[in-house]
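J.: I'd like to ask you about the structure that follows.
The values are calculated or read from the model by the stated rules, or taken from the named source; none is laboratory data. Source: prediction; values computed, not measured. Here the Cβ positions follow ideal geometry from the backbone for every residue, glycine too, while neighbour counts run over all protein chains shown.
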């Protein structure tokens, strides 16, 4: 009964919904989404059942990397509105009982940020050591072999002061020197600014990049590099990322959060699962939710996914709370990765696994990656490596609200083109369709939020093979649920060895199955998943 007596926090019980603000709702006809537009759609989010909204960056920025190059951490880009618009949005989110999570980008600034303009003005400027400046190597080239995620060297020569500065991403995104206590204080004050406004938490961008090897040692070659991969992956970033000292910085960030009631921190971390676990921190004093991207990265195969879920559950520290992600602004959409039918199975997986789920805007209506002609590509990752097909634009296209002009997103010209099928795949068309993806998502979220077993109950594996994975949710004293997923296109069968494991289908990807009795042998059609309320 201990599990039922435990108090869970909002970020453990809830469902996070990621909004890419440029693409959600435009209120003024300029073709770019904005904060007043998001405010117009809060009733939809409340209807859908999500409990927390995460906004990708909305700060002033030259937009070299669409907001991840910040020139002022304490303002709002005019494209999105102003601080009054932000305050109004935050107030209305809270009035609906929801929470707001802001993107925090602490690894780098824009090269137009006043800090960097000062830093590059002269070698003896007081902010020189706020960034990573170094002399040329012995051959006159960069100090070491570190690469940029977006292609080419991670070092940029500055003619004015005769040194290189390091940028893990674009040259317009110089990395901050987090070994400098002044930088630490400035960024912690940024957190306090937004927390004082009432923001409920932060998603911390590229958390594992925040501190680098002080000796500037060369990264080793990647023995598994293949030609189709990003040029960044030619080397293993063992000295430019995931340094032990990063955990000291995360602890300081956590201390700021803990000085406010019930605030939280998500960490963006693309690392192998054992390394990811270290970001929970000693005694749980790290990130509340180090993002778990396994469902984004693994082949969509039942044995691999079942094993990864079990491994993740087994590695979680006692104080660690799990989380799951199917899509985000950096990765191809789930529908494009696994197909429309399996995307329904994926929704059921996401919303029944133990832990906090994050839904990427548009996935709830089955939006797909939209082919963007090269002449229209805007993403710097795609522009810098044109032969690699690495643009992130296809997964960032405008939200499809209705069958009207520009899918109801804007009265102007959308900043990215819309999917050709938006007249069929949109919120309005799917709202009252009992078989739609939107209806499935809404029903799943509703069931999850109504049933403690699905919200916070224990997880136990039941079965997996080449097609099926099955697991139980529920702790002692709770209603228990059996979840069975067919991750293949062919019919699948398995036998429930436990004679007590009988019940009724509560929710299914094929609604016709609902109400049927399950016990003994379980048979599933291809691309089918069911939630069984056990007797």
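J.: I need the full set of residues from the stretch 289-325 which are part of a loop (DSSP other than H, G, I, E, B), closer than 27 Å to residue 395 by Cα and touching a strand residue (DSSP E or B) at 6+ places or on another chain (Cβ under 7 Å), in order please.
T.: To start, the set of residues in the stretch 289-325 that are part of a loop (DSSP other than H, G, I, E, B) comprises 291-293, 298-301, 316-322.
Next, only the ones that are closer than 27 Å to residue 395 by Cα stay: 291-293, 298-301, 322.
Matches in the stretch 289-325: 291, 292, 293.
J.: Among the residues of the stretch 373-411, write down those that are closer than 30 Å to residue 227 by Cα, assigned to a loop (DSSP other than H, G, I, E, B) and under 25 Å from the mean Cα position of the chain (by Cα). Full working, then the answer.
T.: Applying the first criterion (closer than 30 Å to residue 227 by Cα) to the stretch 373-411 yields 373-397.
Next, only the ones that are assigned to a loop (DSSP other than H, G, I, E, B) stay: 373, 377-379, 385, 389-392, 396-397.
The answer is 377, 378, 379, 385, 389, 390, 391, 392, 396, 397.
J.: Closer than 20 Å to residue 279 by Cβ, more than 24 Å from the chain's Cα centre (by Cα) and buried (at least 16 other Cβ atoms within 10 Å of the Cβ): is that true of residue 205 in this structure?
T.: So residue 205 does not fit the description; no.
J.: Another question, if that's okay. Among the residues of the stretch 230-247, are any closer than 24 Å to residue 16 by Cα and assigned by TED's automatic domain parsing to the domain that holds residue 16? Even if it seems obvious, please write down each step before you answer.
T.: Step one: of the stretch 230-247, the residues closer than 24 Å to residue 16 by Cα are none.
So far as the stretch 230-247 goes, no, none of its residues is closer than 24 Å to residue 16 by Cα and assigned by TED's automatic domain parsing to the domain that holds residue 16.
J.: Follow-up. Mind checking whether some residue in the stretch 478-490 is in contact (Cβ under 8 Å) with a residue 12 or more places away in the chain, surrounded by fewer than 15 Cβ atoms within 10 Å (Cβ to Cβ) and over 22 Å from residue 511 (Cβ atoms)? Full working, then the answer.
T.: Pass one, the stretch 478-490, residues in contact (Cβ under 8 Å) with a residue 12 or more places away in the chain: 478-490.
With surrounded by fewer than 15 Cβ atoms within 10 Å (Cβ to Cβ) added as a condition, the list becomes 489-490.
With the extra rule that they be over 22 Å from residue 511 (Cβ atoms), the set shrinks to none.
Within the stretch 478-490 (the criterion being in contact (Cβ under 8 Å) with a residue 12 or more places away in the chain, surrounded by fewer than 15 Cβ atoms within 10 Å (Cβ to Cβ) and over 22 Å from residue 511 (Cβ atoms)), the answer is no, since none of the residues qualifies.
J.: Any idea which of 90, 100 is in a strand (DSSP E or B), assigned by TED's automatic domain parsing to the domain that holds residue 59 and touching a helix residue (DSSP H, G or I) at 6+ places or on another chain (Cβ under 9 Å)? Let's see the steps before the verdict.
T.: Details: 90 fails: in a strand (DSSP E or B).
So the residue among 90, 100 that is in a strand (DSSP E or B), assigned by TED's automatic domain parsing to the domain that holds residue 59 and touching a helix residue (DSSP H, G or I) at 6+ places or on another chain (Cβ under 9 Å) is 100.
J.: In this structure, is residue 32 in the same structural domain as residue 254 (by TED's automatic domain parsing), touching a strand residue (DSSP E or B) at 6+ places or on another chain (Cβ under 8 Å) and crowded, with 18+ Cβ neighbours inside 10 Å? So that I can check it myself, show each step before the final result.
T.: On the way: in the same structural domain as residue 254 (by TED's automatic domain parsing): yes; touching a strand residue (DSSP E or B) at 6+ places or on another chain (Cβ under 8 Å): no; crowded, with 18+ Cβ neighbours inside 10 Å: yes.
Taking the combined requirement at face value, the residue does not satisfy it.
J.: Does residue 317 qualify as being touching a helix residue (DSSP H, G or I) at 6+ places or on another chain (Cβ under 7 Å), at pLDDT 95 or above and either assigned by TED's automatic domain parsing to the domain that holds residue 485 or surrounded by fewer than 19 Cβ atoms within 10 Å (Cβ to Cβ) (or both)? Write out each step before concluding.
T.: Values: touching a helix residue (DSSP H, G or I) at 6+ places or on another chain (Cβ under 7 Å): yes; at pLDDT 95 or above: yes; either assigned by TED's automatic domain parsing to the domain that holds residue 485 or surrounded by fewer than 19 Cβ atoms within 10 Å (Cβ to Cβ) (or both): yes.
When the stated conditions are applied, residue 317 passes them.
J.: Tally time: how many residues in the stretch 156-199 are closer than 20 Å to residue 67 by Cβ and not in a helix (DSSP H, G or I)?
T.: Counting residues in the stretch 156-199 that are closer than 20 Å to residue 67 by Cβ and not in a helix (DSSP H, G or I) gives 11.
J.: Farther than 15 Å from residue 351 by Cα, touching a strand residue (DSSP E or B) at 6+ places or on another chain (Cβ under 7 Å), in a strand (DSSP E or B) and not assigned by TED's automatic domain parsing to the domain that holds residue 305: is that true of residue 493 in this structure?
T.: yes
J.: Which residues, taken from the stretch 497-532, are in a strand (DSSP E or B), farther than 11 Å from residue 484 by Cβ and either in the same structural domain as residue 353 (by TED's automatic domain parsing) or within 30 Å of the chain's Cα centre (by Cα) (or both)?
T.: 506, 507
J.: Would you list the helices (runs of 4 or more DSSP H) that sit entirely within the stretch 1-57 and hold 3 or more residues that are at pLDDT 95 or above and farther than 27 Å from residue 394 by Cβ?
T.: On the way: elements: 2-5, 10-13, 35-40, 42-48.
Filter on the stretch 1-57 gives 10-13, 42-48.
J.: Given the structure, is residue 50 surrounded by 18 or more Cβ atoms within 10 Å (Cβ to Cβ), under 27 Å from residue 448 (Cβ atoms), in contact with a helix residue (DSSP H, G or I) (Cβ under 9 Å, 6 or more places away or on another chain) and in the same structural domain as residue 202 (by TED's automatic domain parsing)?
T.: Details: surrounded by 18 or more Cβ atoms within 10 Å (Cβ to Cβ): yes; under 27 Å from residue 448 (Cβ atoms): yes; in contact with a helix residue (DSSP H, G or I) (Cβ under 9 Å, 6 or more places away or on another chain): yes; in the same structural domain as residue 202 (by TED's automatic domain parsing): yes.
Spelling it out, residue 50 is indeed surrounded by 18 or more Cβ atoms within 10 Å (Cβ to Cβ), under 27 Å from residue 448 (Cβ atoms), in contact with a helix residue (DSSP H, G or I) (Cβ under 9 Å, 6 or more places away or on another chain) and in the same structural domain as residue 202 (by TED's automatic domain parsing).
J.: Among all residue pairs at least 6 apart or on different chains, which show Cβ distances below 9 Å where the first residue, located in the stretch 429-455, is on the phi < 0 side of the Ramachandran plot and the second is part of a helix (DSSP H, G or I) and modelled with pLDDT under 95?
T.: Close Cβ pairs satisfying both conditions: 452/3; 452/4.
J.: Testing residue 252 on (1) touching a helix residue (DSSP H, G or I) at 6+ places or on another chain (Cβ under 8 Å); (2) surrounded by fewer than 19 Cβ atoms within 10 Å (Cβ to Cβ); (3) in a loop (DSSP other than H, G, I, E, B), one condition comes back false. Which one is that?
T.: Exception for residue 252: condition (3).
J.: Could you please give the count of residues in the stretch 466-490 that are in contact with a strand residue (DSSP E or B) (Cβ under 8 Å, 6 or more places away or on another chain) and either within 27 Å of residue 449 (Cβ to Cβ) or in a strand (DSSP E or B) (or both)?
T.: Qualifying residue count for the region: 16.
J.: Would you call residue 270 surrounded by fewer than 20 Cβ atoms within 10 Å (Cβ to Cβ), closer than 16 Å to residue 207 by Cα, assigned by TED's automatic domain parsing to the domain that holds residue 208 and in contact (Cβ under 8 Å) with a residue 12 or more places away in the chain?
T.: Details: surrounded by fewer than 20 Cβ atoms within 10 Å (Cβ to Cβ): yes; closer than 16 Å to residue 207 by Cα: yes; assigned by TED's automatic domain parsing to the domain that holds residue 208: yes; in contact (Cβ under 8 Å) with a residue 12 or more places away in the chain: yes.
For residue 270, the condition - surrounded by fewer than 20 Cβ atoms within 10 Å (Cβ to Cβ), closer than 16 Å to residue 207 by Cα, assigned by TED's automatic domain parsing to the domain that holds residue 208 and in contact (Cβ under 8 Å) with a residue 12 or more places away in the chain - is met.
J.: Follow-up question, since we're still on this one. Being buried (at least 19 other Cβ atoms within 10 Å of the Cβ) and either over 21 Å from residue 422 (Cβ atoms) or assigned by TED's automatic domain parsing to the domain that holds residue 314 (or both): is that true of residue 402 here? Don't jump to the end; show me each part of the working.
T.: Details: buried (at least 19 other Cβ atoms within 10 Å of the Cβ): no; either over 21 Å from residue 422 (Cβ atoms) or assigned by TED's automatic domain parsing to the domain that holds residue 314 (or both): yes.
In short, no.
J.: For residue 463, indicate whether it is assigned to a strand (DSSP E or B), farther than 18 Å from residue 12 by Cα and without any contact (Cβ under 8 Å) to a residue 40 or more places away in the chain.
T.: Values: assigned to a strand (DSSP E or B): yes; farther than 18 Å from residue 12 by Cα: yes; without any contact (Cβ under 8 Å) to a residue 40 or more places away in the chain: yes.
In short, yes.
J.: Quick one: in the stretch 435-452, of everything that is loosely packed, with under 15 Cβ neighbours inside 10 Å and under 18 Å from residue 346 (Cα atoms), which residue is nearest to the chain's Cα centre (by Cα)? Full working, then the answer.
T.: The initial filter retains those residues of the stretch 435-452 that are loosely packed, with under 15 Cβ neighbours inside 10 Å, namely 435, 446, 450.
Still in the running and under 18 Å from residue 346 (Cα atoms): 435, 446.
Values: 435: 27, 446: 22 Å.
This residue is 446.
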